[in-house]
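First up is the structure itself, then whatever we jot down about it.
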Amino acid sequence: MTGALSQLAGNADAILGMIPRWSYRPRAVAEASEALRETHLEQMRVAFVGGGTQISLGAPPQALDAVIHTDGLSRLVEYAPSDLVITVEAGMTLSQLQTAAAQHHQRLALDPPRPELATLGGIIATNAFGPRRTQFGSVRDLLIGITLILADGTVAKGGGKVVKNVAGFDLPKVLCGSLGTLAMIATATFRLHPLPEASATSVIAARTGSQSWSIVQAIKAAQLEPSSIAAVWTRGLWNVGVRFEGFRAGVAQQTARLREIAAKIGFSTETLQDTQADGFWAQEGAWINGRLRLKIASLPSEIQRPDLLDPVLALLHGATSTWYPTLGIAIVSGVPAEAESLSRAVLDLRSKLVAEGGSLVLIDAPVEVRREIDVWGPKPPSFALMERLKARFDPGRRLNPGRFVGGL
Amino acid sequence: MTSDHPPVSDQVRARFASIVGAGNCITEDGELRTYECDGLTSFRVRPKVVVLPGSPREVSEVVKMAVAEGLPIVPRGAGTGLSGGALPSEGSVVIGLARMKRVVEVDLENSWIRVEPGVINLEVSKRLAPDGYYYAPDPSSQSVCTIGGNVAENSGGAHCLKYGFTVNHVLGLKMVIGTGEELEIGGPVLDSPGYDLLAAVVGSEGTLGIVTEVVLRILRKPESTQTFFATFPSTDEAGAAVSGIIAAKILPAAIEMMDRLAIAAIKAATHVDWPDVGAALLMDVDGPAAEVEHTASQAIAVAVAAGAIEVRRPRDEAERMTMWRGRKGAFAAMGRISPNYIVQDGVIPRSEIARVLKEIELLTQKAGLRVANVFHAGDGNLHPLVLYDAAVHGQERQAKDLGGEILRICIRAGGSITGEHGVGADKAPYMAEMFSEADLTAMNLLRCAFDPKGTFNPGKVFPTPRLCGDQRGKYLPHALEISGEAGRG
């Protein structure tokens, strides 16, 4: 039987339709450790839930006895503005962290969708990212320390609170994208960056993917350093958004250079007002339930190939593709017109991507599509090692069982 | 430390030789001596045999053979490491990757390069320079150290303040683990589904397996780079300048600090014409031209306000290179002012620099030794060089003790025992002071997933030997269960 820490769970605790028996809401790291100790003793299968923004990512759980919510773990643990380092509990939302950092004119250079809901623990577990990954990298590049709670309730630390540190194995990075299958993330320490003095977003309209790619290549050739680049496809048109951030003089010069470079290869550039710019960069975050959302990864130069995405885009109502060209990652979303033919097109796209070392992941999909397509695709070449890693961290296979790649 | 392990039998030697060729299998005592230490020369162990494979397949065969013979394996790049990471374990086979030095593939359009582990760090940037690209991590040993060694140590360098470490630039790799399995992890395409095994391997100091191929991210050269050299009465003012520059929202590519003794050594060893001052900063700002123009002038203003005596800008690229060669040759330059030295690699929060330097100075005076400081000030990565004379009885011991005390200061300040040199054999004893038993046990889970038999580089990183035990893990009953108050299931 469970103790005073848990409550009977309800519909609000469901993960992809599966309702657990118990629900935990620890309010401190020690309580979370106790909760895991309890679930360990009871041999319960457990999932961790932050803001729930990525709860649809992954296969349905194989089994689920308890959910541990992290919203009670939302304290600022330590913030040293002069060192540009912050430690927070994992249930803090990204917006809360940014508000605290902004008081010292700093920010975490991470901008995944829905920051008002997304928690830092969830962002780490799902490797969530946004347009600024172009310049600042993903969460693994900004996370420098972590407190974990292992499957048996043991609290362990990895990394530290200095940016440069190679003492011991890099547990913080190993937890990035592990989808709650290795351990619970209790606190996280990040490297911060100064808030830029200025920011400017320009948009260049292109007719094709290869035109968009040529704009990106021209930016690179000219040694411009945008903080974000995204090529957004809607209704057959491409809008290449380019954002520069930094000191006023630098942003102005780079924006002017971009205009020149684009003009030279035959494109006109529109510089957006601040509110328009915010709207442009938030497009990927526009969230509608029931939509299909795919994450596509390939060599950057490959996604521009018109034949690649077109068959899938053609079968979606309200289709949008947000392509981060320097990363080689695109998020495609829309409402499937008809599940069966769409599933065929998606599988076909996946096999093309995988053949060239890429991948296709269903971030979210209607049930009819999930029935036809595995969320993660084929097992990666090092899957046997991943299984061994899982077995070491979670020998009872009780943490988020079955949701990750190959049923991990 | 010396080893009295006999070399391998003729039979074992013949088996290794049948894989790599007789010329690439070293058992002669004199030749083995070359491999008995790395850049940390105070630790020496003669290996049983050194094998130099020429291909991933040969690496795999050699690993299988070593495992069958029960020999521990120590991977080795160029042997420039400063923590004894490539120090042979007792009775080990050293696998040297120096022969595997091909650049396999370059893809400028998608910004990556695929190389074998024996490729020299600087050769990557040289190869890319004509096309305007480079590889960012730049350890001071970059003209001799290998990419494989960089991956093992998660090497940094002066410019990692802005650009990050090796782990931020490795996109994929191939490796051989203790079973002889050849694994492929990551690749030129980002976000391959599954665990981030790359993060486990980069910086694992040769304890998880041997890397046989690496895919690196490459960067377009910045449009503009400005360098300046500022002198200060003491490290106090120089430290204040560093804090001021960071507070002014400037992210320099590099800010290096040198104290009086380090400047004296560098002057004695190289052609720089630096004045005799209490401290100096060498700084690079890079990026788009207008951004650099602004940040450089801001940074200089901050340095002057903090008490800079003089700020110099190099007249041309040649002078800039001379300045940087002076800084990068700092460790070697110590030979001009001291017969021996120990280099430490502790990290502290940047805001603690001035205070910690004072604390080190006090300890140094008490020990009757000298410490030269040359370090990556932007990220608080100290490199105190403890100077001593091994010919003076007891001084080496004193120097090692002082080095240890400096690490403890770093731990107490909330920092780390190593910022880029690795734990290796040298700092393994201090791991238990920085991490709890539970932390080390969690790290060991990672090692056990890759190398349950502990074949690779035993005795490194962890303070005490750790076994992996049963894969399923031992069930530990809770106190309540033992007392009968709670049951299982």
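The values are calculated or read from the model by the stated rules, or taken from the named source; none is laboratory data. Only a predicted model underlies this, so the values are computations on that prediction, with no experimental measurement involved. Methodologically, a virtual Cβ is constructed for each residue, glycine included, from the backbone with ideal geometry; neighbour enumeration extends over all protein chains shown.
Here are a few things to note about the model shown:
- Filtered residue count, segment B:295-321, keeping only those that are outside any loop (DSSP other than H, G, I, E, B) and either away from chain A (no Cβ under 14 Å) or buried (at least 20 other Cβ atoms within 10 Å of the Cβ) (or both): 16
- Taking (1) buried (at least 24 other Cβ atoms within 10 Å of the Cβ); (2) more than 7 Å from chain A (Cβ to nearest Cβ) in turn, residue B:194 satisfies each apart from (2).
- Filtered residues of segment A:8-51 (kept if at pLDDT below 95 and of a type in the set (S, T, N, Q)): A:11
- Flag if residue A:63 is of a type in the set (Gly, Ala, Ser), within 16 Å of residue A:183 (Cβ to Cβ) and modelled with pLDDT of 95 or more: no
- Within segment B:376-412, the set of residues being surrounded by fewer than 19 Cβ atoms within 10 Å (Cβ to Cβ) and at positive phi comprises just one member, B:394.
- In segment A:383-406, the residues that are more than 22 Å from the chain's Cα centre (by Cα) and assigned to a loop (DSSP other than H, G, I, E, B): A:394, A:395, A:396, A:397, A:398
- With respect to the conditions (1) at positive phi; (2) of a type outside the set (A, V, I, L, M, F, W, C); (3) assigned to a helix (DSSP H, G or I), residue A:377 lacks only one, and its number is (3).
- Only one of A:302, A:284 that is within 11 Å of chain B (Cβ to nearest Cβ) and in contact (Cβ under 8 Å) with a residue 40 or more places away in the chain: A:302
- Exactly one residue out of A:56, A:23, A:33, A:82 is farther than 22 Å from residue A:115 by Cα, among the hydroxyl-bearing types (Ser, Thr, Tyr) and in contact (Cβ under 8 Å) with a residue 60 or more places away in the chain, and it is A:33.
- Exclusive hit being at pLDDT 95 or above, touching a Pro at 6+ places or on another chain (Cβ under 6 Å) and assigned by TED's automatic domain parsing to the domain that holds residue B:236, set B:285, B:292, B:302: B:285
- Listed by first and then second residue, the pairs linking a residue in segment B:228-251 that is of a type in the set (D, E, K, R) to a residue that is at pLDDT 95 or above, with Cβ atoms under 6 Å apart and 6 or more places separating them unless they lie on different chains, are B:237/B:306; B:237/B:307; B:249/A:194.
- The listed residue being part of a loop (DSSP other than H, G, I, E, B) and closer than 22 Å to residue B:9 by Cβ, out of B:58, B:36: B:36
- Residues in segment A:130-173 that are hydrophobic (A, V, I, L, M, F, W, C), within 9 Å of another protein chain (Cβ to nearest Cβ) and free of Cβ contacts under 8 Å to residues at least 40 places away in the same chain: A:148, A:156, A:166, A:167, A:169, A:171.
- Which numbered condition residue A:222 fails, given (1) surrounded by fewer than 19 Cβ atoms within 10 Å (Cβ to Cβ); (2) within 28 Å of residue A:403 (Cβ to Cβ): (2)
- Being within 21 Å of residue B:233 (Cα to Cα) and in contact with a Gly (Cβ under 6 Å, 6 or more places away or on another chain) is true of residue B:353.
- Answer from B:126, B:162 - the residue that is out of contact with any Lys or Arg (no Cβ under 9 Å at 6 or more places or on another chain), among the basic types (Lys, Arg) and away from chain A (no Cβ under 12 Å): B:126
- Residue pairs meeting the criteria (Cβ under 6 Å; at least 6 apart or on separate chains; first at the interface with chain A (Cβ under 9 Å from one of its Cβ atoms), in segment B:432-460; second assigned to a helix (DSSP H, G or I) and buried (at least 21 other Cβ atoms within 10 Å of the Cβ)): B:445/A:392; B:445/A:393; B:446/B:200; B:448/A:392; B:449/A:389; B:449/A:392
- Pairs with Cβ under 7 Å, 6+ apart, first in segment B:44-70 and free of Cβ contacts under 8 Å to residues at least 24 places away in the same chain, second in a helix (DSSP H, G or I) and hydrophobic (A, V, I, L, M, F, W, C): none
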